[in-house]
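Just so it is clear, none of the values below were taken in a lab; they were calculated from the coordinates. Given the structure is predicted, the values throughout are model-derived calculations rather than measurements. Positions of Cβ are generated from backbone atoms using ideal geometry, with glycine treated the same way; all protein chains shown enter the neighbour counts.
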Amino acid sequence: MNTVIEYESPITRKFNAVVEILEKYEYDSSRLITILQLVQEEYRYLPKEVLPYIATALNMPIAEVYGVATFYAHFSLEAKGKYVVKVCNGTACHVKGSMPIVDALYKKLNLTKEQTTTPDMMFTVETVSCLGACGLAPVMVVNEKVFGEVTPEKISEIIDDYLENKEA
């Protein structure tokens with residue numbers, strides 16, 4: 001008896017997720033931002049290979065889809081780590097020392113301004129204009145978890161907790 005074993009690669013599985021998202025929103029081009037948000041949630045970024053497919057499926061010019069994907073700061077065309085670390089550099093945070101926190105993160109994770117994602121895709125470090133928590137300045141967010149009154153000395157402990165999956 002010949003048995004055929006079906007194999008679905010991780011890429012195919014993820015691409016199938018894009019199809020499911022498009023189907024869920026009935027290929028409605030007016031839902032482009034929602035569709036892109038869900039695709040980014042699936043991949044942790046918007047793969048350039050997927051955008052032409054979305055444009056074709058929604059019967060939209062590829063330039064319009066790229067335009068939306070590149071206009072909004074929320075979207076990223078580059079892969080991000082499992083843990084996205086955002087350090088506020090707004091006025092209150094900057095005055096209270098946010099940049100030494102960024103420097104401590106770069107040192108701990110062996111990153112630079114040019115390379116902000118670790119090679120193992122665990123961490124991405126970003127500076128943002130405001131996180132809306134000035135009373136906790138300086139503020140850092142890891143995915144959705146907020147850390148207030150952060151100091152460079154606290155960085156090692158916070159990152160180690162994530163490395164040990166205590167905060168996963």
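Among the trypsin sites (Lys or Arg not before Pro) in segment 75-168, those placed in a DSSP loop whose Cβ has at most 10 other Cβ atoms within 10 Å are Lys113, Lys166. Bridges between two residues of the chain, per DSSP, are antiparallel at a rate of about 55%.
Sparsely packed loop sites in segment 15-109 (the chymotrypsin sites (Phe, Trp or Tyr not before Pro) outside DSSP H, G, I, E and B with at most 14 other Cβ atoms within 10 Å) comprise Tyr27, Tyr72.
Here segment 83-163 carries DSSP beta bridges of which approximately 55% are antiparallel, counting only pairs with both residues inside.
Computed over the alpha carbons of segment 83-163, Rg followed by Dmax gives 11.4, 34 Å.
Of the listed values (1) 27, 21, 16; (2) 23, 18, 18; (3) 35, 21, 13, grab the one calculated as semi-axes √(5λ) of the Cα gyration tensor in Å from the structure here. So the calculated entry is the one marked (3).
When you filter the GluC sites (Glu not before Pro) in segment 63-125 for DSSP loop state and at most 13 other Cβ atoms inside 10 Å of their Cβ, you are left with Glu78, Glu114. Placing pseudo-labels 7 Å out from each Cα toward the beta carbon at Lys107 and Val95 gives an inter-label distance of 2.6 nm.
One way to sum up the overall shape of segment 10-71 is the equivalent ellipsoid from its Cα gyration tensor, whose semi-axes run 16, 13, 10 Å, largest first. Taking the Cβ-Cβ separation of Ser129 and Asp161 as r and a Förster radius of 22 Å, what is the calculated FRET efficiency to the nearest 0.05? Once the sixth-power term is evaluated, E becomes 0.25.
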